[in-house]
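Notes follow once the structure below has been shown.
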Amino acid sequence: MFGALILLIFGKLQDTFQETSRTWQWALAYGVIMFLLSGGASLLGMIIGGVITGLYAWGYFKLLRNLADNLMLWLLVFLAGPVFPFVLFAILLNAADKAA
């Protein structure tokens, strides 16, 4: 949940500073922060997790920038973007539970 809060903060910051920075820079910073916050995992797990969350953040930030002219759609993506991985994970767990 802390990662989702950081993603929301970074989403708003990258939208505010979009003239002076690129989306990949914000996504890289988010991936590094998630890498550092996942200290309980193995090094390989930390690297994979950082890369996956960084790539997700890159797509999220890029989508936010593309929707900057439509406020309602921007708000929907802004609020639903950090929640989507949790919902997808819950759906996948439910499907795995039914299959087992």
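Step through the residues of the stretch 18-27 one at a time and calculate ³J(HN,Hα) from phi using the Karplus curve (6.51 cos²θ - 1.76 cosθ + 1.60, θ = phi - 60°), rounding each to whole Hz and writing x for Gly and Pro.
Here the 3J(HN,Hα) series is 6, 6, 9, 9, 9, 5, 5, 5, 5, 5 Hz.
May I ask you to rank Thr23, Thr53 by accessible area, largest first, using a 1.4 Å probe over the protein chains only?
Thr53, Thr23
For Cα Rg over 2.2 N^0.38 Å, one of (i) 1.17; (ii) 1.34; (iii) 1.83 was computed from the structure I shared and the rest are decoys. Which label?
Computed from the coordinates, Cα Rg over 2.2 N^0.38 Å corresponds to (i).
Just grab the label-to-label distance for Leu79 and Ser21, each label 7 Å out from Cα along the Cβ direction, in nm (one decimal).
Once both label points are built, they end up 2.5 nm from each other.
Report the relative contact order of the stretch 1-81, percent, no decimals, based on alpha-carbon pairs under 8 angstrom and at least 6 residues apart.
Working: 66 pairs, mean separation 26.6, N = 81.
Once divided by the residue count of the stretch 1-81, the mean separation gives 33 percent.
In nanometres, what is the gap between the two model label sites at Ala68 and Asp97, each 7 Å from Cα along Cα-to-Cβ?
4.2 nm
The values are calculated or read from the model by the stated rules, or taken from the named source; none is laboratory data. This one's a predicted model, so the numbers in the text were calculated from it and none came from an experiment. Methodologically, a virtual Cβ is constructed for each residue, glycine included, from the backbone with ideal geometry; neighbour enumeration extends over all protein chains shown. SASA here: full protein model, heavy atoms, side chains in, ligands and nucleic acids out. Shrake-Rupley method; radii C 1.70, N 1.55, O 1.52, S 1.80 Å.
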